[in-house]
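Read the structure below first, then the notes.
The values are calculated or read from the model by the stated rules, or taken from the named source; none is laboratory data. Just so we're clear, the structure is a prediction, and the values are computed from it rather than from any experiment. We place every Cβ from the backbone using ideal geometry, glycine too, and count neighbours over all the protein chains shown. The accessibility values were calculated without ligands, DNA or RNA, using every heavy atom of the protein model including side chains. Shrake-Rupley method; radii C 1.70, N 1.55, O 1.52, S 1.80 Å.
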Amino acid sequence: MTSSEGKRIAVFSMTPLFPDFAMGGGQVQLKKVVLHLGELGHRLTILSTRHEESTVPFSWHENVHIKPILRFKQPYPEPYFTPLYHIANAMRAVGDAIAEADFHYSHDGGLIFPYVYRDKPTIFSMRSIIYPETLQSALLFQGDEWILPSEHTRASYAAVVSQFSPDVETRMHAIHNGFDWQKFRYTEPDAIFDVIPKTIAERPILLFPHRPDLNKGIYEVIKVARRLVYDYGWTDLRVLVPRGVDAEAEPGNRAYYKQLRQEIGATGLTDSFYFHDWINEDLIAEYYSIADVTMCIGNCVETFGNTPFESLGCGTPPILSRVSTYRDLFSDEHVDRVDYGDIDGAAEHAHNILSEKRRTSPGTLHYLKSEFSLETMVTRYADVILNAEKKPPLSYRIPKLRANTMYRKAPWCYLSERFGIYHDFRASYNEDGLLVSTLRANPDGFAGKCVDSATLHDWLDKGYVVPLVNA
């Protein structure tokens, strides 16, 4: 496929898009991919959900045009919690755009109606593994190619969807996010001081650069800050917390911040936390650069997680919980990692980083640039999208579990050395001795008949094991 052919690509985005602002990492990656395709000479029309701050069409490039016309419910999630006619109008608009295009690219899931895209080569990129509409998109998948941002996400969807459609794995591609390392590098703070007072930047800083979701780990960070202030003596510590874009407009977010401030006050840390406006893309490198440690210790089931990469690129070491992709996207030589909920361990790592005034090592910077390059990412996306062909519909079935069915540890679980088996979706540990010993002794799988049926059913029901029914 050559760039001179100038293909037409219809893009679906359930998440609102903005001229110069991104609501999350998934939208940042979308912009990188579509700008690359636009530069190659392809023409893209992106249909996105309307937001009160994004109601009129705009362009990111002369070949990349965004129409924020879909009336899905805001704020996310539960976008389909909207009147019937909004759904009908959205599907008609998306269907019309696809009919006029050569390819259809659906970013971040959410398009749950296969008949809308059945006539054109369709590529899905699933950026989430927790939101219901994305899960529905996966289990109803009839696309021709499927891009996942990590091996953890690919393995998780494959373990579930391939039970019903064994051929689906042949359409899956794991493509890691890539980064512009000229942007995400240490940047001398300047304009950031219009948002963060310069006096704060002179203190030791923990960064919590996440949206207002409890599973991002803010309450764990409060506990770590308490340890640092009262047990390690970092009395001048400051924790920076951005207010989400809908912090004041959305009742749920107002309640979130109210409760958060109350909890901080109850621990005597009111002066240690500084809440500020959301940081847009042109200030993000300075934002990371003023910090000493970036905290990523929640239980969110990330499908990739841009934050630790961006932070490392700007020189600031992150601390990660061993949750979902944070378990295996890095090797231990590049990051500090703790089991989820290990507050003492996280505080100790933070204390050591602060005491050593540690910054990202040259070796880690080299690793980032070689393994997570923006050029590689957008080139691989373009190859998958532009070479997609319309394939026969996937065949689905109801799998049968038999006496000789094999089982293995679910991809969303891991065996902790200290706490038993951790389950990403349950955000908790199970210390069941039989479960742990069975999984440790049989990393490649075990026969279901080796365990009594009631126990096996319990493990399966709770998601600790998955059947190997397509072998």
Checklist entry - Of the residues that make up segment 226-240, is at least one in a strand (DSSP E or B), within 28 Å of residue 369 (Cα to Cα), touching a residue at least 24 places away in the same chain (Cβ under 8 Å) and in contact with an Asp or Glu (Cβ under 8 Å, 6 or more places away or on another chain)? => result no
Checklist entry - Just checking, which of 230, 257 is out of contact with any helix residue (DSSP H, G or I) (no Cβ under 9 Å at 6 or more places or on another chain) and at pLDDT 95 or above? => result 230
Checklist entry - With respect to residue 200, is the statement that it is in a helix (DSSP H, G or I) and of a type in the set (Val, Ile, Thr) true? => result yes
Checklist entry - If residue 199 passes every condition in (1) touching an Asp or Glu at 6+ places or on another chain (Cβ under 7 Å); (2) open to solvent by 40 Å² or more (accessible area, probe 1.4 Å); (3) of a type in the set (Val, Ile, Thr) but one, which one does it miss? => result (1)
Item to check | Of all residues in segment 309-359 being among the basic types (Lys, Arg) and over 19 Å from the mean Cα position of the chain (by Cα), the one that is nearest to residue 237 (Cα to Cα) | outcome: 357
Checklist entry - Can you pull out the residues in segment 260-281 that are surrounded by fewer than 16 Cβ atoms within 10 Å (Cβ to Cβ), part of a helix (DSSP H, G or I), modelled with pLDDT of 90 or more and not small (Gly, Ala, Ser)? => result 261, 262, 263, 270, 271
Checklist entry - Can residue 286 be described as in a loop (DSSP other than H, G, I, E, B) and touching a residue at least 24 places away in the same chain (Cβ under 8 Å)? => result no
Checklist entry - Just to be sure, is residue 304 aromatic (Phe, Trp, Tyr) and in contact (Cβ under 8 Å) with a residue 24 or more places away in the chain? => result yes
Next on the checklist: Can you confirm whether residue 82 is in a loop (DSSP other than H, G, I, E, B) and either touching a Leu at 6+ places or on another chain (Cβ under 6 Å) or at pLDDT below 95 (or both)?
Outcome noted: no
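Consider residue 343 carefully, then state whether it is at negative phi, open to solvent by 10 Å² or more (accessible area, probe 1.4 Å), touching a Lys or Arg at 6+ places or on another chain (Cβ under 7 Å) and not hydroxyl-bearing (Ser, Thr, Tyr). If you could, list the steps in order and put the result at the bottom.
On the way: at negative phi: yes; open to solvent by 10 Å² or more (accessible area, probe 1.4 Å): yes; touching a Lys or Arg at 6+ places or on another chain (Cβ under 7 Å): yes; not hydroxyl-bearing (Ser, Thr, Tyr): yes.
When the stated conditions are applied, residue 343 passes them.
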Checklist entry - In this structure, does residue 385 turn out to be over 22 Å from the mean Cα position of the chain (by Cα), in a helix (DSSP H, G or I), at pLDDT 95 or above and surrounded by 20 or more Cβ atoms within 10 Å (Cβ to Cβ)? => result no
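For residue 396, are the conditions met, namely being in a loop (DSSP other than H, G, I, E, B), more than 21 Å from residue 290 (Cα to Cα) and in contact (Cβ under 8 Å) with a residue 12 or more places away in the chain?
yes
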Checklist entry - Does at least one position in segment 185-195 carry a residue that is open to solvent by less than 30 Å² (accessible area, probe 1.4 Å), within 26 Å of the chain's Cα centre (by Cα) and farther than 19 Å from residue 357 by Cα? => result yes
Checklist entry - Among the residues of segment 22-55, how many are at pLDDT 95 or above, out of contact with any helix residue (DSSP H, G or I) (no Cβ under 7 Å at 6 or more places or on another chain) and farther than 22 Å from residue 127 by Cα? => result 3
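Per-residue answers, yes or no, for (1) surrounded by 13 or more Cβ atoms within 10 Å (Cβ to Cβ); (2) at pLDDT 95 or above; (3) under 24 Å from residue 339 (Cβ atoms); (4) touching a Ser or Thr at 6+ places or on another chain (Cβ under 6 Å):
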position	(1), (2), (3), (4)
410	yes, yes, yes, no
421	yes, yes, yes, no
424	yes, yes, yes, yes
428	yes, yes, yes, no
434	no, yes, yes, no
451	yes, no, no, no
457	yes, yes, no, no
465	yes, yes, yes, no
470	yes, no, no, yes
Next on the checklist: Can you pull out every residue in segment 197-209 that is of a type in the set (A, V, I, L, M, F, W, C) and either modelled with pLDDT of 95 or more or more than 29 Å from the chain's Cα centre (by Cα) (or both)?
Outcome noted: 200, 205, 206, 207, 208
Item to check | Qualifying residues in segment 131-142 (those that are open to solvent by 60 Å² or more (accessible area, probe 1.4 Å) and aliphatic (A, V, I, L, M)) - the one nearest to residue 393 (Cα to Cα) | outcome: 140
Checklist entry - Within the bounds of segment 94-115, is there any residue that is out of contact with any Phe, Trp or Tyr (no Cβ under 8 Å at 6 or more places or on another chain), buried (at least 19 other Cβ atoms within 10 Å of the Cβ) and either of a type in the set (Asp, Glu) or assigned to a strand (DSSP E or B) (or both)? => result yes
